[in-house]
Amino acid sequence: MIQTKAKIIKNIAVAPKYYKIVLSCLPIAKDANAGQFVAIKITDTYEPLLRRPFSIHKLSGPGIEILYEIVGRGTEILSQKKAGEYLDIIGPLGNGFNYKSQVTPSPSLGTLFGRSSPVLVAGGMGVAPLLFLAEKIVTRSGGRQVTRRPLVLIGAKTRSDVLCEKEFRKLGCNVKIATDDGSRGYKGYVTELLKKELSTINYQLSTIYACGPRPMLKETAAISKKYNIPAQVSLEEHMACGIGACLGCAVNTKQGYKRVCQDGPVFDADEIVW
């Protein structure tokens with residue numbers, strides 16, 4: 001865990017009420033894993049008082065990118081920050097996704113895993129950490145190679161809320177969309193689209209990775225259990241300190257209460273008491 005002053009490289013709107021901020025912070029970037037987050041002090045005053053947690057969206061040169069939505073006073077202030085300003089940030093925090101099994105130990109073994117594929121399920125802003133995860137899975141590293149390209153299911157309220165589709169497609173992912181109002185792709189919840197896809201897929205699936213609202217994650221856990229597919233979920237809990245001190249983000253698990261900010265935010269789906 002590192003606390004540093006990160007320079008804002010850019011802070012731009014990517015859609016109505018959605019922004020992307022790029023921060024120069026090499027010490028954090030070089031240790032970051034997909035699924036981890038940073039805690040940002042929005043101002044140097046007491047408003048807002050607490051740091052805000054944000055998933056690491058992706059790496060960007062010597063820094064990180066964060067995708068965020070304006071939902072309150074803190075994110076509204078953040079959206080007004082300009083390039084060249086500095087933010088006090090702590091990170092990388094928490095435990096991320098365990099995606100190592102998605103990468104074969106050597107190119108010669110690739111055929112053994114050729115029919116398996118990970119599934120990434122995003123609900124709303126749940127796309128934020130999953131893009132970083134997709135990059136980790138599909139990028140060749142140290143002589144290793146990936147399995148099948150990930151199947152990415154993105155859920156949103158309307159077509160204007162669909163985020164990161166182009167970025168996932170650029171990575172070679174198989175992307176499918178679900179919107180609540182049917183204005184884009186499948187009409188209905190992304191978990192309904194997941195069930196539809198699982199009923200028609202004719203190849204082996206390795207792991208489901210999901211991030212989004214708790215009801216969506218609960219349903220994803222139930223679906224993964226039904227189809228006997230391991231699942232990892234990133235919980236979106238309210239956090240106060242972000243470093244495990246306040247116990248404000250405790251979640252009930254089969255091993256007792258755990259802190260989302262330190263023991264998570266990523267958990268095995270069957271570990272959570274839903």
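The values are calculated or read from the model by the stated rules, or taken from the named source; none is laboratory data. All of these numbers come straight from a predicted model, not from anything done at the bench. Virtual Cβ from ideal backbone geometry, glycine too; neighbours counted across all protein chains shown.
Would you check which residues across the stretch 44-80 are among the aliphatic types (A, V, I, L, M), within 24 Å of ALA122 (Cα to Cα) and not in a strand (DSSP E or B) and list them?
Within the stretch 44-80, ILE56, ILE70, VAL71, LEU78 meet the criteria.
For the stretch 133-152, which positions are modelled with pLDDT under 80 and surrounded by 13 or more Cβ atoms within 10 Å (Cβ to Cβ)?
Hits for the stretch 133-152 are ARG144, GLN145, VAL146, THR147, ARG148.
Is it the case that some residue within the stretch 208-229 is assigned by TED's automatic domain parsing to the domain that holds GLY126, modelled with pLDDT under 95 and small (Gly, Ala, Ser)?
Scanning the stretch 208-229, I find no residue that is assigned by TED's automatic domain parsing to the domain that holds GLY126, modelled with pLDDT under 95 and small (Gly, Ala, Ser), so the answer is no.
Do you know which residues across the stretch 1-43 are touching a strand residue (DSSP E or B) at 6+ places or on another chain (Cβ under 8 Å) and part of a loop (DSSP other than H, G, I, E, B)?
MET1, LYS17, CYS25, ASP31, ALA32, ASN33, GLY35, GLN36, ILE42
Hey, can you tell me all the residues within the stretch 153-172 that are surrounded by 20 or more Cβ atoms within 10 Å (Cβ to Cβ) and either under 20 Å from TYR68 (Cβ atoms) or at pLDDT below 95 (or both)?
Matches in the stretch 153-172: ILE154, GLY155, ALA156, ASP161, VAL162, LEU163, CYS164, PHE168.
Restricting the stretch 67-108 to residues that are of a type in the set (Ser, Thr, Tyr) and at pLDDT 95 or above, which is surrounded by the most Cβ atoms within 10 Å (Cβ to Cβ)?
Result: TYR68.
Report yes if GLY256 is of a type outside the set (A, V, I, L, M, F, W, C), outside the structural domain of LEU67 (by TED's automatic domain parsing) and in contact with a Lys or Arg (Cβ under 7 Å, 6 or more places away or on another chain), otherwise no.
no
Say we look at the stretch 1-15 and pick out the residues that are at pLDDT 95 or above and under 25 Å from ASP263 (Cα atoms); which of these is surrounded by the fewest Cβ atoms within 10 Å (Cβ to Cβ)?
In the first step, residues of the stretch 1-15 are kept if they are at pLDDT 95 or above; the result is 3-14.
Remaining after also requiring under 25 Å from ASP263 (Cα atoms): 3-4.
Values: GLN3: 12, THR4: 18.
Among residues in the stretch 1-15 that are at pLDDT 95 or above and under 25 Å from ASP263 (Cα atoms), the one surrounded by the fewest Cβ atoms within 10 Å (Cβ to Cβ) is GLN3.
Scan the stretch 190-203 for residues that are more than 11 Å from VAL119 (Cα to Cα) and more than 17 Å from the chain's Cα centre (by Cα) and report the count. If you could, list the steps in order and put the result at the bottom.
Initially, the stretch 190-203 is screened for residues more than 11 Å from VAL119 (Cα to Cα), giving 190-193, 195-196, 199-203.
Pick out the ones that are also more than 17 Å from the chain's Cα centre (by Cα) and you get 192-193, 195-196, 199-203.
Going through the stretch 190-203 one residue at a time, the tally reaches 9.
Find the residue count for the stretch 220-242, including only residues that are surrounded by fewer than 21 Cβ atoms within 10 Å (Cβ to Cβ), under 27 Å from ARG52 (Cα atoms) and either of a type in the set (Phe, Trp, Tyr) or more than 14 Å from the chain's Cα centre (by Cα) (or both).
Here the count works out to 3.
Just name the residue that is surrounded by the fewest Cβ atoms within 10 Å (Cβ to Cβ) out of those in the stretch 175-219 that are at negative phi and small (Gly, Ala, Ser).
Once the filter is applied, the top-ranked residue is SER199.
Which of the residues spanning the stretch 44-68 are polar (S, T, N, Q) and within 22 Å of GLY248 (Cα to Cα)?
SER55 - this is the single residue of the stretch 44-68 that is polar (S, T, N, Q) and within 22 Å of GLY248 (Cα to Cα).
Looking at the stretch 16-58, which of its residues are of a type in the set (A, V, I, L, M) and surrounded by fewer than 17 Cβ atoms within 10 Å (Cβ to Cβ)?
Going residue by residue through the stretch 16-58, those that are of a type in the set (A, V, I, L, M) are 21-23, 26, 28-29, 32, 34, 38-40, 42, 49-50, 56.
The answer is LEU26, LEU49.
Which helices (runs of 4 or more DSSP H) sit wholly inside the stretch 159-262 and have at least 2 residues that are under 22 Å from LYS100 (Cβ atoms)?
Result: 214-226.
Picking from GLY212, GLY248, GLY256, GLY264, which residue would you name as being of a type outside the set (A, V, I, L, M, F, W, C), out of contact with any helix residue (DSSP H, G or I) (no Cβ under 6 Å at 6 or more places or on another chain) and within 19 Å of ALA128 (Cα to Cα)?
Selected residue: GLY264, the only one of GLY212, GLY248, GLY256, GLY264 that is of a type outside the set (A, V, I, L, M, F, W, C), out of contact with any helix residue (DSSP H, G or I) (no Cβ under 6 Å at 6 or more places or on another chain) and within 19 Å of ALA128 (Cα to Cα).
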